[in-house]
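Down below is the structure, laid out as structure tokens.
The values are calculated or read from the model by the stated rules, or taken from the named source; none is laboratory data. Source: prediction; values computed, not measured. Neighbour counts are summed over all protein chains in view; Cβ atoms, including those assigned to glycine, are modelled from backbone coordinates with ideal geometry. SASA here: full protein model, heavy atoms, side chains in, ligands and nucleic acids out. Shrake-Rupley method; radii C 1.70, N 1.55, O 1.52, S 1.80 Å.
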Amino acid sequence: MSADLVKRAAAVLPGGVNSNVRLPTAQTFFARGHGPRLWDVDGKEYVDYLLGQGPAFLGHAHPEVNAAVAEAVTRGMVYGAQHALEVEAVEKLLAAVGWADMARLGVSGTEAVQGALRLARAATGRRKVIGFAGQYHGWLDTVLMAHGPDGSGPGSLGQPPQYLADWVVTPFNDAEALRARFEAHPGQIAAVILEPMMCNSGAIAPRPGFLERLRELCTEHGAVLIFDEVVTGFRLAFGGAAQRFGVTPDLAIYGKAVAGGWPVAAIAGRRELLELFGDGRVNHSGTFNASVMAAAAVSATMDVLGRGTPYVTVEEHGTALMTGLRAIGERHGVPLHVQGLPAAFHVSFRAGDRPDTTVVDHASLQSLDLARYTRFGKVLAEHGIWVAGRGIWYVSAAHGEQELADALARFERALRNEAG
Ligand SMILES: Cc1ncc(COP(=O)(O)O)c(C=O)c1O
């Protein structure tokens with residue numbers, strides 16, 4: 001059945017997929033997902049640690065979120081005007097985030113990034129933006145960077161290089177380099193935008209003090225601090241990375257886990273910034289923003305997450321999984337490298353006989369044998385573990401003891417197979 005679908009897809013979808021991120025998995029078609037597991041069209045079952053690239057933080061087809069959406073859509077989908085659910089959804093979102101005064105809902109993380117950068121530039125009257133090598137903020141011309149070893153420059157054919165002319169790229173976790181970038185462009189930096197924990201390139205937590213220093217530098221130089229919490233939001237804590245690491249940005253972008261798998265993103269932040277949308281001077285628009293489905297999904301997701309138990313489950317499962325994977329590596333004498341937090345961690349192999357190094361930025365990530373893991377990712381899929389080839393593992397609140405046992409057993413079998 002899958003062979004037929006692959007052929008049909010290749011005939012009508014470029015590359016057989018609807019997002020370039022999925023090109024490496026163009027051969028796989030899923031029939032359904034339930035909780036922490038997926039089933040492909042040939043009936044094969046997988047423990048899922050990709051979670052749709054993050055959104056299925058509550059597991060697939062969460063009954064409470066799905067029921068809320070199903071009930072809400074009986075009243076219509078988009079009105080071209082306001083409805084009570086969107087107010088309720090944003091009130092709950094702000095209560096979760098804790099530090100933000102207002103928010104706008106949208107559809108994708110990419111466009112929310114666009115909105116936040118526009119707000120920062122409008123508020124400061126400046127153009128330049130500091131970003132970090134290897135981080136990802138969406139696929140638009142104005143933000144897409146090459147993901148290669150140096151982590152900067154246009155990321156796509158057809159992307160005019162001048163669209164990135166206002167970017168200043170610096171290494172993550174290096175406060176001194178950041179200070180130097182500010183000083184090299186005095187009075188010109190509108191914003192610093194970052195994944196507060198890098199998850200698109202490794203799973204690299206901020207070094208102690210790094211985010212605090214970043215916050216100070218932004219305040220000192222009058223730049224807007226934007227946390228891109230598309231991955232970390234509602235995953236690392238109910239209040240995202242800002243809560244987990246105890247540093248408050250001026251603006252933050254949420255997506256993925258914010259709506260239990262439904263396509264929703266949000267821009268949240270300080271009132272004086274968000275109000276620039278409110279009087280119409282800064283444009284933020286979208287036909288599907290805060291649709292009935294979106295608002296219902298956010299509202300129900302906030303209810304489920306707000307009970308707190310998802311974070312306990314994820315922390316326990318992720319910790320046990322990381323420990324178990326490391327132990328398997330040791331048992332087999334394989335130089336496995338496992339780094340990150342229980343909710344999002346990175347698995348790879350150390351290269352040659354290099355000692356176990358801690359990866360702190362995009363450059364040091366390149367010291368790992370990333371290509372070997374990408375190949376191994378396919379072996380994992382054959383053995384019933386669904387993960388991204390780039391090494392990130394996402395844990396959901398639906399992963400339980402059975403998934404832990406299955407995942408570790410399958411991983412060990414895959415490793416034996418990989419080693420030949
Ligand atoms: C940190 C980060 N920002 C922005 C985006 C873009 O979000 P979307 O794919 O919803 O446009 C992503 C997507 O993976 C992301 O990981």
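Take every Cα pair under 8 Å in the chain that's 6+ residues apart, average their separations, divide by the length, and report that relative contact order as a whole percent. Once normalised by length, the contact order is 22 percent. Solvent-accessible surface of the chain, taken per residue with a 1.4 Å probe and all protein chains present: 42 Å².
Accessible surface comparison of VAL65, VAL73, probe 1.4 Å, protein chains only, largest first: the order is VAL73, VAL65. The trypsin sites (Lys or Arg not before Pro) of the stretch 240-327 meeting both criteria, a DSSP state outside H, G, I, E and B (loop) and at most 16 other C-beta atoms within 10 angstrom of the site's C-beta, are ARG281, ARG307.
Please report how many Lys pairs in the chain have alpha carbons closer than 21 angstrom, counting only residues at least 8 apart along the chain or sitting on separate chains. Pairs that pass both the separation and distance tests number 4.
Phi angles of the stretch 95-101 translate, via the Karplus equation with coefficients 6.51, -1.76, 1.60 and θ = phi - 60°, into HN-Hα couplings of 5, 5, 5, x, 9, 8, 8 Hz per residue; Gly and Pro are given as x. Counting Cα-Cα pairs of the stretch 75-306 in 5 Å increments starting at 0 gives whole-percent bin shares of 1, 7, 15, 20, 20, 17, 11, 6, 2, 1, 0. Atom-type composition of the exposed protein surface of the stretch 75-306 places 54 percent of the accessible area on carbon and sulfur (1.4 angstrom probe).
Distance between Cα centroids, the stretch 203-281 to the stretch 23-60: provide it in whole Å. Spelled out, the Cα-based centre of one part sits 28 Å from the other. Measuring only protein heavy atoms, the 1.4 Å probe finds TRP39 accessible over about 60 Å². Relative to the Cα centre, the charge distribution of the chain, modelled as +1 at Lys and Arg Cβ and -1 at Asp and Glu Cβ, gives a dipole magnitude of about 620 debye. Considering only ASN283, ASN173, ASN200, the mean-square fluctuation computed in a Gaussian network model of the chain, springs between alpha carbons under 10 angstrom, is largest for ASN283. When the residues TYR49, TYR311 are ordered by accessible surface, computed with a 1.4 Å probe over the protein chains alone, the sequence from largest down reads TYR311, TYR49.
Within the listed set GLU195, GLU403, GLU382, the Gaussian network model of the chain (springs between alpha-carbon atoms below 10 Å) gives the highest mean-square fluctuation for GLU382. Beta bridges assigned by DSSP with both partners in the stretch 75-306 are antiparallel in approximately 40 percent of cases.
Over the stretch 238-384, the hull volume per residue, using the convex hull of the C-alpha atoms, is 182 Å³. For TYR394, the solvent-accessible surface with a 1.4 Å probe is about 0 Å², rounded to the nearest 10. Computed from point charges on the beta carbon alone (+1 for Lys and Arg, -1 for Asp and Glu), the dipole magnitude for the stretch 210-260 about its Cα centre is near 260 Debye.
Beyond 34 Å, the tail of the calculated P(r) for the chain holds 30 percent of the Cα pairs.
Taking the helices alone, the chain has a mean residue ellipticity at 222 nm of -12000 deg cm²/dmol, built from -39,500 (n - 2.57) per DSSP H run of at least 4 residues and averaged over all its residues.
Largest GNM mean-square fluctuation among MET77, MET102, MET197, using the chain with Cα springs under 10 Å: MET77.
With r defined as the distance between the Cβ atoms of GLU183 and GLU212 and R0 fixed at 22 Å, what FRET efficiency is calculated, to the nearest 0.05? Once the sixth-power term is evaluated, E becomes 0.70. Extending 7 Å from Cα along the Cβ direction at PHE288 and again at ALA3 yields two label points whose distance is 3.5 nm. This model, with +1 at the C-beta of Lys and Arg and -1 at the C-beta of Asp and Glu, gives the stretch 75-306 a dipole about its Cα centre of some 80 debye.
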